[in-house]
Structure formats: C-alpha cells, structure tokens
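The values are calculated or read from the model by the stated rules, or taken from the named source; none is laboratory data. From a predicted model like this one, the values you see are computed outputs, not experimental measurements. Cβ: placed from backbone, ideal geometry, glycine included. Neighbour counts: every protein chain shown. Just so you know, the surface numbers come from the protein's heavy atoms only, side chains and all, with ligands and any DNA or RNA stripped out. Shrake-Rupley method; radii C 1.70, N 1.55, O 1.52, S 1.80 Å.
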Amino acid sequence: INDPDPIQNARPLELIDVRFAIEAHICRLCVLNAGADDFNELEKLLLKMEASLDDPKNFSRFDTLFHAQLAETTRNKLLKWIIQQINAVRNNNEWLSMRSLTLNQKTIREYNIAHREIVEAIRARDADLAAKLMRDHLQSARLSVTRAMDT
C-alpha cells in the first residue's frame with residue numbers, strides 16, 4: 001500500500017481489474033446523462049478507432065480517449081479523475097509492451113465492434129445491456145493480456 005508510484009508499477013491485470021470495478025458503472029451513468037454532444041464526441045472517436053485497424057498505436061490513443069469520454073459523459077468529476085489515473089497506467093512501460101503483444105487487426109476489429117455496441121446500448125438507454133457489454137469487452141481484453149503473458 002506504500003508503493004511510491006502505483007501508476008508506474010501497476011501490472012496490466014491490475015489495471016483491467018480496476019477497470020472492471022468502475023467502467024460498467026460508468027456506462028450506467030452514461031445512460032442517465034448522455035446528450036447529443038456526448039454522442040457526437042463518441043461517434044468521432046468510434047470512427048477514428050475504426051480507421052486505425054492497421055495502426056495499433058493510433059488505435060490505442062483513440063481507445064484511451066474513448067474510455068475517457070465515457071467518464072466525461074457521467075458528469076462525475078471524481079470518476080473522470082479516476083479514469084485519468086487509469087489512463088496514466090496505460091502509458092507505463094509494461095502496458096505499452098503488452099499493447100504491442102495484444103493489439104493486432106483481429107483484436108482491434110473486435111474492440112471496435114464492442115465499442116460501437118456499447119455506445120448503441122447507451123443511446124438506447126439500456127443500462128443493463130451497456131454495463132454487460134462493457135464487462136464483456138473488458139473480459140476480452142483480460143483474455144488477450146493473459147494470453148500474451150503466457151507467451
């Protein structure tokens with residue numbers, strides 16, 4: 001608990017476990033709070049991620065912004081701050097090397113489909129479905145990380 005730098009020292013699975021604890025609920029809050037401007041921002045990010053099929057680094061940048069935009073949509077300043085901390089972990093060396101092992105065209109395509117389904121569930125104001133889709137998405141990311149750690 002006295003880790004001087006929990007962001008730099010966080011392991012990839014720790015990051016995903018924290019995201020599991022938070023991001024499904026973020027989707028529920030998005031259902032309550034999302035307006036037209038939020039959907040416009042999310043759509044722009046979806047299109048940028050979908051255009052980054054051959055560019056894992058670019059995809060990852062927009063993926064980070066996408067999850068930050070979901071937090072923004074909650075209108076909850078504390079959740080936004082927590083997601084900023086989570087996103088800082090995504091820039092640590094262990095996570096960056098994990099990204100290069102896990103992000104290929106197939107995975108990026110799967111993540112793009114999942115992201116779009118999440119946004120559509122939020123747009124349909126279906127909190128249970130949005131939360132479930134986020135959990136499924138994070139489970140898929142967790143499997144990718146676990147597989148990469150075994151190689």
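Per atom type, the chain shows carbon and sulfur on 54% of its accessible surface, probed at 1.4 Å. The Cβ shell under 15 Å around P56 holds other residues with a net charge of +2, Lys and Arg each +1, Asp and Glu each -1. A Förster radius of 22 Å, combined with the Cβ-Cβ distance separating T107 from K48, puts the computed FRET efficiency at roughly 0.85. Charges were assigned to the Cβ only: +1 to each Lys and Arg, -1 to each Asp and Glu. The resulting dipole of the range 44-109 about its Cα centre is roughly 180 debye. On the principal axes of its alpha-carbon atoms, the range 47-86 has extents of 34, 18, 6 Å, going from largest to smallest.
How large is the convex hull of the C-alpha atoms of the range 9-48 per residue, in Å³?
94
Fully extending the segment from R28 to D5, taken as 0.36 nm per residue of separation minus the present Cα-Cα distance, adds 5.2 nm. The angle between the Cα long axis of helix 56-73 and the main principal axis of the chain comes to about 50°, on a 0 to 90 degree scale. Summed over qualifying helices (DSSP H, 4 residues or more, each -39500 (n - 2.57)) and divided by its residue number, the chain shows a 222 nm mean residue ellipticity of -27500 deg cm²/dmol. Placing unit charges on each Cβ (+1 for Lys and Arg, -1 for Asp and Glu) gives the range 1-95 a dipole about its Cα centre, and among L79, L65, S52 the Cα reaching farthest toward its positive end belongs to L79. Using DSSP to define loop residues, name the trypsin sites (Lys or Arg not before Pro) in the range 48-148 whose beta-carbon has at most 13 other beta-carbon atoms within 10 Å. Hits after loop and neighbour filter: R125. Normalised by 2.2 N^0.38 Å, where N is the number of residues, the alpha-carbon radius of gyration of the range 56-121 equals 1.17.
For the chain, the longest principal axis of the alpha carbon atoms and the long axis of helix 93-102 meet at an angle near 70°.
3J(HN,Hα) along the range 21-28, derived from phi through the Karplus expression 6.51 cos²θ - 1.76 cosθ + 1.60 where θ = phi - 60°, amounts to 5, 10, 6, 5, 5, 4, 4, 4 Hz, with x in place of Gly and Pro. Rg/Rh for the range 1-68 stands at 1.06; both radii use Cα atoms, and Rh follows the Kirkwood definition. Here is the P(r) of the chain: all C-alpha pair distances, binned every 10 Å from 0, give 11, 42, 37, 9, 0 in whole percents.
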